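Enquirer: To start, I am sharing the structure in question, which I have written as structure tokens.
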Amino acid sequence: MQNDDIVWGIINKAFCSYKVNTKTHKFCRNEYNLTGLCSRVSCPLANSQYATVREENGVCFLYMKTVERAAFPNKMWEKVKLSRNLEKAITQINENLVFWPNYVRQKCKQRLLKITQYIIRMRKLRLKNTKKLVPIQRKVERRENRREQKALVAARLDNVIEASLLDRLKQGVYGEIYNFPKLAFDKAVEQDVESEEEDVDEEEEDEEEVEIDKEVEAELEKEMEEEEEELERVFVAADDFEESDASDIEEMTFESPKKNKTPTPEAASSSKKRKRTGKKQIEIEYEMEMETV
């Protein structure tokens with residue numbers, strides 16, 4: 001059976017791997033230590049009946065060690081989950097440590113209070129937006145950059161191969177379509193549809209531009225025809241008053257007053273011809289009028 005006094009005598013005077021000596025105090029690094037101090041009351045190795053409170057992933061547990069389980073190291077500590085509510089957790093400690101020393105019971109309550117306080121602070125800090133310092137690893141960055149470059153080269157090759165295969169498929173090199181991946185075929189069809197829609201839009205725009213050009217050309221032709229007609233009228237007026245025709249004009253002025261002012265159909269037709277052809281037709285008109293006289 002374990003003798004606590006003998007164990008403490010050896011630990012206190014001889015070597016202990018958990019003990020840390022300083023100028024003022026002696027500390028204990030054992031995870032089951034209740035106070036963190038190296039003393040006879042708070043030593044988990046020198047006390048066969050011992051209890052402490054520990055926190056695991058935000059949850060508090062009460063650990064208890066008794067003399068009956070000293071022969072079974074893997075079953076030495078009994079574990080009891082404590083409630084998140086502080087009052088309920090304190091009542092659980094009082095119920096489980098009824099016949100235990102008052103010192104152990106009070107220190108477990110103090111330890112539970114401290115643990116709940118720093119858990120609350122941790123939760124508040126997580127809710128806040130805090131800056132996180134991340135170390136820069138040069139070797140890892142260089143390795144990732146090289147991998148990215150290789151991946152880009154491989155992707156370009158894949159795109160070129162895919163485009164060449166689709167071109168050959170369109171040309172009918174492979175004959176009928178069979179055993180082709182559906183995704184690649186759907187992509188090719190979508191690209192063809194998009195290209196056809198773009199071609200149709202371009203043709204519509206070209207037709208609209210052609211219609212606009214035709215309208216502009218028609219207007220320009222009309223303006224040119226009007227200018228040509230005005231020029232012909234000017235030349236005809238100038239030719240009528242040449243010296244060779246002056247005598248004919250004088251004869252026409254001395255015609256008899258009994259002559260009808262309304263022009264004959266032959267004269268109207270000759271006048272139209274005169275507008276089109278010029279001086280030669282004017283001379284013919286004059287000759288015909290002289291014969292009638």
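Enquirer: Which one of the conditions (1) open to solvent by 100 Å² or more (accessible area, probe 1.4 Å); (2) outside the structural domain of Arg84 (by the TED database) does Asn145 fail to meet, given that it meets all the rest?
Expert: In the conditions (1) open to solvent by 100 Å² or more (accessible area, probe 1.4 Å); (2) outside the structural domain of Arg84 (by the TED database), Asn145 misses (1) alone.
Enquirer: Then there is this: Would you check if Arg105 is surrounded by 15 or more Cβ atoms within 10 Å (Cβ to Cβ), farther than 21 Å from Thr35 by Cβ and over 59 Å from the mean Cα position of the chain (by Cα)?
Expert: Judged against the criteria, Arg105 is not a match.
Enquirer: Would you say Arg69 is touching an Asp or Glu at 6+ places or on another chain (Cβ under 8 Å) and either closer than 25 Å to Asn3 by Cα or of a type in the set (Lys, Arg) (or both)? Explain how you work it out, then say what you get.
Expert: On the way: touching an Asp or Glu at 6+ places or on another chain (Cβ under 8 Å): yes; either closer than 25 Å to Asn3 by Cα or of a type in the set (Lys, Arg) (or both): yes.
Yes, satisfied.
Enquirer: It is to be established whether one or more residues within the stretch 41-50 are open to solvent by less than 30 Å² (accessible area, probe 1.4 Å), over 15 Å from Thr66 (Cα atoms) and free of Cβ contacts under 8 Å to residues at least 60 places away in the same chain.
Expert: There is no residue in the stretch 41-50 that is open to solvent by less than 30 Å² (accessible area, probe 1.4 Å), over 15 Å from Thr66 (Cα atoms) and free of Cβ contacts under 8 Å to residues at least 60 places away in the same chain.
Enquirer: Continuing with this model, one more query. Test of understanding: among Phe61, Phe99, Phe72, which residue is surrounded by 10 or more Cβ atoms within 10 Å (Cβ to Cβ) and out of contact with any helix residue (DSSP H, G or I) (no Cβ under 8 Å at 6 or more places or on another chain)?
Expert: Values: Phe99 fails: surrounded by 10 or more Cβ atoms within 10 Å (Cβ to Cβ); Phe72 fails: surrounded by 10 or more Cβ atoms within 10 Å (Cβ to Cβ).
None of the others qualify; the one that does is Phe61.
Enquirer: Out of the residues in the stretch 77-88 that are in contact (Cβ under 8 Å) with a residue 24 or more places away in the chain and touching a Lys or Arg at 6+ places or on another chain (Cβ under 9 Å), state the one that is most open to solvent (accessible area, probe 1.4 Å).
Expert: Taking the candidates together, the pick is Trp77.
Enquirer: Based on what the data block shows, is Lys114 buried (at least 16 other Cβ atoms within 10 Å of the Cβ) and either among the polar types (S, T, N, Q) or in the same structural domain as Cys16 (by the TED database) (or both)? Walk me through it before giving the result.
Expert: Values: buried (at least 16 other Cβ atoms within 10 Å of the Cβ): no; either among the polar types (S, T, N, Q) or in the same structural domain as Cys16 (by the TED database) (or both): yes.
No: the conditions fail for Lys114.
Enquirer: Right, next: Does the stretch 12-27 contain at least one residue that is aliphatic (A, V, I, L, M), at pLDDT below 90, open to solvent by 20 Å² or more (accessible area, probe 1.4 Å) and assigned to a loop (DSSP other than H, G, I, E, B)?
Expert: yes
Enquirer: I've got another one for you. Which number in (1) in contact (Cβ under 8 Å) with a residue 12 or more places away in the chain; (2) surrounded by fewer than 17 Cβ atoms within 10 Å (Cβ to Cβ); (3) closer than 26 Å to Ile115 by Cβ marks the one condition that Gln2 misses?
Expert: Going through (1) in contact (Cβ under 8 Å) with a residue 12 or more places away in the chain; (2) surrounded by fewer than 17 Cβ atoms within 10 Å (Cβ to Cβ); (3) closer than 26 Å to Ile115 by Cβ one by one, Gln2 breaks only (3).
Enquirer: Under 7 Å by Cβ, and 6 or more places apart or on different chains, what pairs join a residue from the stretch 61-76 that is without any contact (Cβ under 8 Å) to a residue 40 or more places away in the chain with one that is surrounded by 10 or more Cβ atoms within 10 Å (Cβ to Cβ) and of a type in the set (Val, Ile, Thr)?
Expert: From residues that are without any contact (Cβ under 8 Å) to a residue 40 or more places away in the chain, the pairs are Phe61/Val80; Tyr63/Thr52.
Enquirer: Where the second residue is in a helix (DSSP H, G or I) and not hydroxyl-bearing (Ser, Thr, Tyr) and the first is under 12 Å from Val59 (Cα atoms) and lies in the stretch 103-124, which pairs have Cβ atoms under 9 Å and are six or more apart or on separate chains?
Expert: So the pair list comes out as Leu112/Leu86; Leu112/Ala89; Leu112/Ile90; Leu112/Ile93; Thr116/Leu86; Thr116/Ala89.
The values are calculated or read from the model by the stated rules, or taken from the named source; none is laboratory data. Values in this document were obtained by computation on a predicted structure and should not be read as measured data. Using ideal geometry, Cβ is built from the backbone for each residue, glycine included, and neighbour counts are taken over all protein chains shown. What goes into the accessible areas is simple: the full protein's heavy atoms, side chains included, and nothing from ligands, DNA or RNA. Shrake-Rupley method; radii C 1.70, N 1.55, O 1.52, S 1.80 Å.
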